[in-house]
Amino acid sequence: MQNLYNEKVMDHFLHPRNVGEIENPDGTGVYGSPVCGDMMQVQIKVDENDVITDCKFKTFGCGSAIASSSMATTMMIGHTVDEALELTNKTIIDELGGLPSQKIHCSVLAEHAIKLAIYDYAEKHGKHYKGLEGFDHEDKGDDLH
Amino acid sequence: MSAERTVYLDYSATTPVKQEVLDTMIPYFTENFGNPSSLYQQGLEAKLSLDHAREQVASLIGADPEEVIFTGGGSESDNWVLEGVAHKLKKQGRHIITSKIEHHAILHTCQYLQSLGFEITYLDVDQEGFVSPEDLEKAIRPDTILVSIMFVNNEIGTVEPIKELAAVAHKHGILFHTDAVQAVGNVKMDVHDLGIDFMSMSSHKIYGPKGEGGLYLRKGVRIPSFIHGGAQEGGRRAGTENLAGIVGFGKAAEVAEKNIDWHIKHCSELRDYLLDRITAEIPDVIVNGPHDHSLRHPGNANVTFRYIEGESILILLDQAGISVSTGSACSSKSLEPSHVLTAIGVDSTTIHGSIRFTVGDFTTKEDVDYAVDHLKEVVARLREISSMSRPE
């Protein structure tokens, strides 16, 4: 059967990893808006060694938005916050084996949601990360395009 | 992966060619291959077949055969009328009136005409997609040269009051065109009674072949040719005729005319059953389009599923062998949501969760049951994943 997306994207869309919410998360990020057609929530749990021990997502959006969030969570768990901050939309796309050109923004959404979750964690715990320098936490992706 | 069943619920996108239509077409590729312009036997026979097809299409819409011109499809007919009238009457005026919910074959042609200096008024529609004759009356100006309003909307199935709208235009001496691609075969019509000047038609929406369509051009109305060349179609549309396609379109029209009562009853019953089950069994849904189903395309259902997005619904249904379409921005290259749903005022936070289902002649009750059973699962599954909050 032919699909709109490659096998890896379809796998993450049909069998998304880490769906849900974390009880007492250390950081929460929400990016996007229903008006624009996609909105992601990413939550993280971070241990005393700054390692992300859990990451969950909820996404309103198309197949590639769901797959991008699912993939992003798998790329965060078990990594330090600094390592997670190195994730970009490009690395998410690479890991997914590519997205159609009009769907690139879905991976951008995932990158922003991750960074917002980490920013929330950093704010609450008084931490500073080089990877957050220059990050616009005011941008919630909810401006009408 | 293969689904246990294939359920096609997108008859407004296109229809399969009916077997009797295909059987009629086949000889025209091989034995009856003549060029209708040729003056020997094969050509003369081809010309007879062409004339027969013209009678079949004319009969379906209540036209005289010489008022039907074959074209390469609905989009060509739309482009031809708009550009033709604009070109012919540009000294008289440069204002055209249409609606906000037209097909892109109309809207994009209007944008092109705007780039050439024409002014276009896009009429609003009400919450069910109806264009009001009063609004049309108010929009008419001394320099208005054409009114073009679709007969049946392709997304939400609204059947526009074409007779009333045409009467308003004619009261002011203005030509009236309707894009009837979704109406032909689905709505009983008599073009003379409607009093319209032009009507665009498509073959592949009525179980005929793709790449074939027609234009009804009222007797006495003339517009310049769109395709220049030979003297085919009475000198009005050049190019060697797609004879097999035209014969197929003719046969499809004949079958549609013969079946129209059954077709309307069959489709509207299944559509109503589909909507009844969806609204009874799936929470938080909104039905878009006319509530009075006598003013709605018989096979059309358009439903918004709150808190989830249409393309993801579409793909999951496709995994189960079910074909539908969506007005979500994510499914369009422009990333803009459906202009039709926007025009009828669907809330911008729910607009992306809209799905169009269209049933047709080959749809069965079992198909509808299979589709709704899977739809329930798909909607529940995506709502589990969704970040949009909903009341518990």
Worksheet item: Got a sec? Which of B:T326, B:T349 is within 11 Å of another protein chain (Cβ to nearest Cβ), within 19 Å of B:I156 (Cα to Cα), at pLDDT below 95 and surrounded by fewer than 18 Cβ atoms within 10 Å (Cβ to Cβ)?
Response: B:T349
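Return the only residue of B:E20, B:E45, B:E83, B:E67 being acidic (D, E) and more than 24 Å from the chain's Cα centre (by Cα). Let's see the steps before the verdict.
Values: B:E20 fails: more than 24 Å from the chain's Cα centre (by Cα); B:E83 fails: more than 24 Å from the chain's Cα centre (by Cα); B:E67 fails: more than 24 Å from the chain's Cα centre (by Cα).
Just a single option satisfies the conditions, and that option is B:E45.
Any residue at all in the range B:289-298 that's surrounded by 14 or more Cβ atoms within 10 Å (Cβ to Cβ) and either closer than 29 Å to A:L14 by Cβ or not assigned by TED's automatic domain parsing to the domain that holds B:V340 (or both)?
Just the residues of the range B:289-298 that are surrounded by 14 or more Cβ atoms within 10 Å (Cβ to Cβ), to begin with: B:289-290, B:293, B:295-298.
Subset that is either closer than 29 Å to A:L14 by Cβ or not assigned by TED's automatic domain parsing to the domain that holds B:V340 (or both): none.
Among the residues of the range B:289-298, not one is surrounded by 14 or more Cβ atoms within 10 Å (Cβ to Cβ) and either closer than 29 Å to A:L14 by Cβ or not assigned by TED's automatic domain parsing to the domain that holds B:V340 (or both), which makes the answer no.
Residues are listed down the side, and each one gets a yes or a no for (1) part of a strand (DSSP E or B); (2) of a type outside the set (S, T, Y); (3) touching an Asp or Glu at 6+ places or on another chain (Cβ under 6 Å):
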site: B:M150; (1), (2), (3): no, yes, yes
site: B:N154; (1), (2), (3): no, yes, no
site: B:A166; (1), (2), (3): no, yes, no
site: B:T178; (1), (2), (3): yes, no, no
site: B:V184; (1), (2), (3): no, yes, no
site: B:K188; (1), (2), (3): no, yes, no
site: B:K205; (1), (2), (3): no, yes, no
site: B:P209; (1), (2), (3): no, yes, no
Worksheet item: So which residues in the range A:8-26 are within 11 Å of chain B (Cβ to nearest Cβ) and more than 17 Å from the chain's Cα centre (by Cα), if there are any at all?
Response: A:M10, A:L14
Discussion item. Could you check the range A:27-79 and list, in sequence order, the residues that are assigned to a loop (DSSP other than H, G, I, E, B) and either more than 8 Å from chain B (Cβ to nearest Cβ) or without any contact (Cβ under 8 Å) to a residue 24 or more places away in the chain (or both)?
Written reply: A:D47, A:E48, A:N49, A:D50, A:I77, A:G78, A:H79
Worksheet item: Within the range B:91-121, restricting attention to residues that are over 24 Å from B:S202 (Cα atoms) and either free of Cβ contacts under 8 Å to residues at least 12 places away in the same chain or not assigned by TED's automatic domain parsing to the domain that holds B:G173 (or both), which residue is most open to solvent (accessible area, probe 1.4 Å)?
Response: B:K91
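Taking the condition open to solvent by less than 30 Å² (accessible area, probe 1.4 Å), within 30 Å of B:V17 (Cβ to Cβ), of a type in the set (A, V, I, L, M, F, W, C) and modelled with pLDDT of 95 or more, does B:V379 pass? I'd like the intermediate steps shown before the answer.
Values: open to solvent by less than 30 Å² (accessible area, probe 1.4 Å): yes; within 30 Å of B:V17 (Cβ to Cβ): no; of a type in the set (A, V, I, L, M, F, W, C): yes; modelled with pLDDT of 95 or more: yes.
Considered against the rule, which asks whether it is open to solvent by less than 30 Å² (accessible area, probe 1.4 Å), within 30 Å of B:V17 (Cβ to Cβ), of a type in the set (A, V, I, L, M, F, W, C) and modelled with pLDDT of 95 or more, B:V379 comes out as no.
Could you tell me whether B:G72 is under 23 Å from the mean Cα position of the chain (by Cα), touching a residue at least 12 places away in the same chain (Cβ under 8 Å), under 30 Å from B:V247 (Cβ atoms) and open to solvent by 20 Å² or more (accessible area, probe 1.4 Å)? Spell out how you get there, then give the answer.
On the way: under 23 Å from the mean Cα position of the chain (by Cα): yes; touching a residue at least 12 places away in the same chain (Cβ under 8 Å): yes; under 30 Å from B:V247 (Cβ atoms): yes; open to solvent by 20 Å² or more (accessible area, probe 1.4 Å): yes.
Judged against the criteria, B:G72 is a match.
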Worksheet item: Which one is most open to solvent (accessible area, probe 1.4 Å), of the residues in the range A:5-14 that are touching a residue at least 12 places away in the same chain (Cβ under 8 Å) and either closer than 28 Å to B:I351 by Cβ or in a loop (DSSP other than H, G, I, E, B) (or both)?
Response: A:N6
Worksheet item: For the range B:223-258, which residues satisfy the criterion of being open to solvent by 50 Å² or more (accessible area, probe 1.4 Å) and closer than 25 Å to B:E31 by Cα?
Response: B:A231, B:T240, B:N242, B:E254
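Kindly evaluate B:T364 against the criterion of being open to solvent by 30 Å² or more (accessible area, probe 1.4 Å), within 11 Å of another protein chain (Cβ to nearest Cβ), on the phi < 0 side of the Ramachandran plot and among the hydroxyl-bearing types (S, T, Y). Don't jump to the end; show me each part of the working.
Values: open to solvent by 30 Å² or more (accessible area, probe 1.4 Å): yes; within 11 Å of another protein chain (Cβ to nearest Cβ): no; on the phi < 0 side of the Ramachandran plot: yes; among the hydroxyl-bearing types (S, T, Y): yes.
The answer is no for B:T364.
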Response to the item:
Filtering the range A:56-83 for residues that are under 15 Å from A:I118 (Cα atoms) and more than 10 Å from the chain's Cα centre (by Cα) leaves a count of 7
Worksheet, complete the sentence: Scanning the range A:78-108 for residues that are aliphatic (A, V, I, L, M) and under 18 Å from A:K8 (Cβ atoms), the one most open to solvent (accessible area, probe 1.4 Å) turns out to be A:I104
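Looking for something over 19 Å from B:V255 (Cα atoms), part of a strand (DSSP E or B), hydroxyl-bearing (S, T, Y) and at pLDDT 95 or above - is there at least one such residue anywhere in the range B:34-50? Give the derivation first.
Our first condition is that a residue be over 19 Å from B:V255 (Cα atoms); within the range B:34-50, this holds for B:34-48.
So of that shortlist, the ones also part of a strand (DSSP E or B) come out as none.
No, that holds for no residue.
The values are calculated or read from the model by the stated rules, or taken from the named source; none is laboratory data. Just so it is clear, the structure is predicted and the values come from calculations on it, not from any experiment. Cβ: placed from backbone, ideal geometry, glycine included. Neighbour counts: every protein chain shown. The protein model used for the area step is the full one, side chains on, heavy atoms only, and it has no ligands, DNA or RNA in it. Shrake-Rupley method; radii C 1.70, N 1.55, O 1.52, S 1.80 Å.
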